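In what follows, a single structure is set out as structure tokens and then discussed.
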Amino acid sequence: MNKSIIITINHELELEGQLNNTRTAGEIYQNLPLQGVGETWGEEIYFSTSIKVEPENPLEVLNEGDLAYWPPMQAFCIFYGPTPAGRETEVKAAGPVNVFGKISEEGIKSLKETVKSGPVKIKVESR
């Protein structure tokens, strides 16, 4: 697939995301644009969508920069650092998620600098 998306945070910060070649990434892309008000959980931003995707190679321990979908909440998630579920610097989801893409190192750094807590306005569009 290798499609790109633009994620706008609070009308000011733009991040580019690269989608992987999974069913989840395809569903996300087909349902763009998305927007909502996200919450933070440690260094994760998440917001609910109307997209329904079954678990697909679900993971709980992730990497900084992973874009993921959490099936129970139908949530779009951006992981940019440690979360309360992880130990010390571990990036761990609240439950198994489908990883469908990634943001850049520059995007991770920008999120760490600008997003301290929610709520966060998010818009996701195709590139």
| said: If I model a spin label at T114 and E14 as a point 7 Å from the Cα along the Cα→Cβ vector, what separation in nanometres do I get? | reply: 1.1
| note | Two pseudo-spin positions, 7 Å from Cα along C-beta at Q30 and at K121, lie apart in nanometres by 3.0
| message | Given contacts defined as C-alpha pairs under 8 Å and at least six residues apart, what's the relative contact order of region 4-126, whole-number percent? | response | 36
| message | Per residue of region 77-83, what does 6.51 cos²θ - 1.76 cosθ + 1.60 with θ = phi - 60° give for ³J(HN,Hα)? Whole Hz please, x for Gly and Pro, Karplus curve as stated. | response | 10, 10, 9, 10, x, x, 10
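Is the shape of the chain best called rounded, prolate or oblate, per the rule: a/c under 1.5 gives rounded, else a/b larger than b/c gives prolate, else oblate, with a ≥ b ≥ c the square roots of the Cα gyration tensor eigenvalues?
Judged from the Cα gyration tensor, the chain comes out rounded (a/c under 1.5).
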| So what are the ³J(HN,Hα) numbers for region 18-28, from phi and the Karplus equation (6.51, -1.76, 1.60; θ = phi - 60°), rounded to whole Hz, Gly and Pro as x? | 10, 8, 8, 9, 10, 4, 4, 4, x, 5, 4
| said: What does the extension gain come out to for K52 and V37, with contour length at 0.36 nm per residue minus their alpha carbon separation? | reply: 3.6 nm
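None of the figures in this text is laboratory data; all of them are computed from the coordinates on show. Just so we're clear, the structure is a prediction, and the values are computed from it rather than from any experiment. Cβ: placed from backbone, ideal geometry, glycine included. Neighbour counts: every protein chain shown.
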